[in-house]
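Worksheet: one structure, shown below.
The values are calculated or read from the model by the stated rules, or taken from the named source; none is laboratory data. Remember, predicted model here, so these are calculated numbers, not experimental data. Here the Cβ is made from the backbone with ideal geometry for all residues, glycine too, and neighbour counts use every protein chain on show.
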Amino acid sequence: MVEGWSFASARRPATFGCGEQRDAPEIQHARTAGEDTFFCGFPPQSVTLCGLAEEEFVAVLCRFEPESEHACPQCRTAALAAPTVPCD
């Protein structure tokens with residue numbers, strides 16, 4: 001084992017849910033979980049990394065893949081630049 005390394009410090013790339021814009025379903029967007037958008041006592045709402053509000057897209061039951069040819073360019077850039085997260 002490499003000295004100073006442990007499973008406790010292991011990290012992986014951030015992952016995001018996938019959403020399709022209602023008026024352009026061929027484009028896939030990275031959506032947030034919503035807990036970071038809690039505002040004024042209202043329940044959290046999902047948004048995409050490019051700024052679409054929850055009512056502008058439909059959630060898709062898969063992960064956003066930044067390398068996909070259908071990925072929104074702004075979401076792709078933001079997802080690839082997102083900081084890593086601890087491994088589960």
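Please find, within region 1-25, the residue that is modelled with the lowest pLDDT out of those that are surrounded by 11 or more Cβ atoms within 10 Å (Cβ to Cβ) and not in a strand (DSSP E or B).
So the residue we want is ALA10.
If a residue must be of a type in the set (Phe, Trp, Tyr) and at pLDDT below 90, how many such residues does region 58-84 contain?
Total meeting the criteria: 0.
For region 71-88, give me the residue count where each residue is in a helix (DSSP H, G or I) and either surrounded by 15 or more Cβ atoms within 10 Å (Cβ to Cβ) or within 12 Å of the chain's Cα centre (by Cα) (or both).
8
Please enumerate the residues belonging to region 26-45 that are over 10 Å from the mean Cα position of the chain (by Cα) and either on the phi < 0 side of the Ramachandran plot or modelled with pLDDT of 85 or more (or both).
Matches in region 26-45: GLU26, ILE27, GLN28, GLU35, ASP36, THR37, PHE38, PHE39, PHE42, PRO43, PRO44, GLN45.
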